[in-house]
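Contents: one structure, followed by commentary.
Please treat every number below as a calculation from the coordinates, not as lab data. Being a predicted model, the structure only gives us computed values, none of them experimental. In this analysis, Cβ positions are derived from the backbone assuming ideal geometry, glycine residues included, and neighbour counts consider all displayed protein chains.
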Amino acid sequence: MTHLIDGHLAQEAEGTDGIIHSGAWGDLQEWDIRVEQPQEYAGFEKTTADGPFWSFGATTPQAVHDILTASGCTEEQSARLLAKRMEGMGAIFILKPDVETVLNLSPEVRSKLYLQLARNSVNRFQGTPYFIPNGDVAKFFDNSYFSNEKAKGLMKRLLYQRNGFSYFSDPESVLKGLDSDQERDDFLRSLTSQNATLARLLIRPDTDIDKPLNYWALSMPGVLSKDLKPLFESQKRLPHGGSLSLLYALPPMARDKLYTSPLPPADGDPKMPDCHWTALNFFSLTPDPRMNDNDFAGRFITDHYYEIAKPGIAGDLVLLLNSSGGVIHSAVYLADDVVFTKNGINYAQPWILMHEKDLVGTFSAISPVTVTYFRRRGM
């Protein structure tokens with residue numbers, strides 16, 4: 001199934017300009033792509049045009065006013081927002097702002113206010129906003145697929161910056177501006193897609209295949225020279241050379257999972273695979289379920305890895321740390337700045353390849369992250 005999906009993605013990339021990065025890994029051709037959630041999972045998206053709803057928790061009107069003004073809202077904006085308090089919520093203070101007021105907030109105000117809202121887990125779009133690489137809405141949606149200019153225009157007005165990256169937290173406000181259920185479905189399907197990378201190894205007639213062969217086969221258990229060498233040689237013999245998907249240079253678990261999503265868990269099933277399970281089982285023929293336990297995973301890293309200054313071989317561990325030094329995400333370095341990752345426990349999130357800089361942006365929405373690298377002992 002993985003091979004079929006990779007073949008489909010390769011066809012989608014034909015005619016586009018893949019960027020080539022050369023190194024010990026060979027000549028790696030990379031495309032930035034968007035991978036949608038499976039259609040079967042998209043129906044679980046609970047976003048509607050009913051909101052937005054901003055919960056400030058159990059507090060007073062004066063306290064909310066102070067948060068609004070401290071975030072940079074004018075007195076007029078604060079008064080207009082406070083007038084949108086929902087009744088019947090008891091001590092819980094919830095605002096249902098109108099779209100016009102939301103649109104008129106400056107990006108600076110939005111960034112500060114949404115950071116305050118992110119402290120309450122009820123405000124999921126502020127707590128886990130959508131990362132928009134380089135703030136490029138058109139590229140984010142891919143013009144060849146989603147072409148609703150009204151939605152894109154609204155979204156551009158609603159972007160904000162934090163920690164050097166661009167984010168979006170107002171899907172309900174955009175949904176209100178769309179005219180049909182089909183437009184809303186198309187918008188949500190595009191919005192919930194994943195930023196990913198498609199990568200292929202180029203093999204030219206004059207390529208010294210021993211160098212990339214050694215990089216991929218010597219550094220990773222489960223990747224054998226006897227399997228890769230015939231593929232490399234077959235491409236080298238073509239009149240103009242050829243290429244092969246990077247998945248053929250990955251260990252069995254990663255090769256099997258790449259560009260796929262896990263099945264929804266059955267009742268009573270153990271915890272779903274997350275980023276740590278993925279990174280620490282990268283070389284495993286039989287994945288160890290204990291890697292889902294953060295304490296066990298931490299001890300495993302301490303016992304089996306050592307810290308390095310920067311990644312240099314496929315299989316190096318990439319850890320993202322928060323400001324307190326806690327690990328918030330893990331991935332596996334492959335080549336150039338491409339990592340193998342699964343972003344979150346949600347079963348609608350696939351295993352993908354991703355640029356490290358985009359991975360950092362994805363997880364820097366609340367506070368900036370620090371990247372550290374580790375190598376497995378004996379490698």
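Taking the stated definitions as given, is Lys236 surrounded by fewer than 18 Cβ atoms within 10 Å (Cβ to Cβ), touching a residue at least 60 places away in the same chain (Cβ under 8 Å) and under 20 Å from Gly23 (Cβ atoms)? No: the conditions fail for Lys236. Within the range 208-220, the set of residues being crowded, with 18+ Cβ neighbours inside 10 Å and farther than 16 Å from Gly315 by Cβ comprises just one member, Ile209.
Report yes if some residue within the range 296-306 is loosely packed, with under 14 Cβ neighbours inside 10 Å, without any contact (Cβ under 8 Å) to a residue 12 or more places away in the chain, closer than 21 Å to Trp216 by Cβ and not charged (D, E, K, R); otherwise report no. For the range 296-306, residues loosely packed, with under 14 Cβ neighbours inside 10 Å, without any contact (Cβ under 8 Å) to a residue 12 or more places away in the chain, closer than 21 Å to Trp216 by Cβ and not charged (D, E, K, R): absent. Residues in the range 193-207 that are surrounded by 14 or more Cβ atoms within 10 Å (Cβ to Cβ) and either part of a helix (DSSP H, G or I) or touching a helix residue (DSSP H, G or I) at 6+ places or on another chain (Cβ under 7 Å) (or both): Asn195, Leu198, Ala199, Arg200, Leu201, Ile203, Thr207.
Beta carbons closer than 9 Å, at least 6 apart along the sequence or on distinct chains, pair a first residue in the range 76-96 that is in contact (Cβ under 8 Å) with a residue 24 or more places away in the chain with a second that is in a loop (DSSP other than H, G, I, E, B) and among the basic types (Lys, Arg) for Arg85/Lys96; Met86/Lys96; Leu95/Lys84; Lys96/Lys84.
Which members of the range 316-342 meet the condition of being surrounded by fewer than 21 Cβ atoms within 10 Å (Cβ to Cβ) and farther than 20 Å from Ala24 by Cβ? Across the range 316-342, the qualifying residues are Leu321, Asn322, Ser323, Ser324, Gly325, Gly326, Val327, Ile328. Assess whether Gln161 counts as being in contact with a Pro (Cβ under 9 Å, 6 or more places away or on another chain) and over 22 Å from Leu353 (Cα atoms). When the stated conditions are applied, Gln161 passes them. Filtering the range 188-244 to residues that are within 20 Å of Leu258 (Cα to Cα), aliphatic (A, V, I, L, M) and in contact with a Ser or Thr (Cβ under 7 Å, 6 or more places away or on another chain) leaves Leu201, Leu202, Ala217.
So, in the range 17-38, exactly how many residues are more than 24 Å from Leu191 (Cβ to Cβ) and polar (S, T, N, Q)? Number of matching residues: 2.
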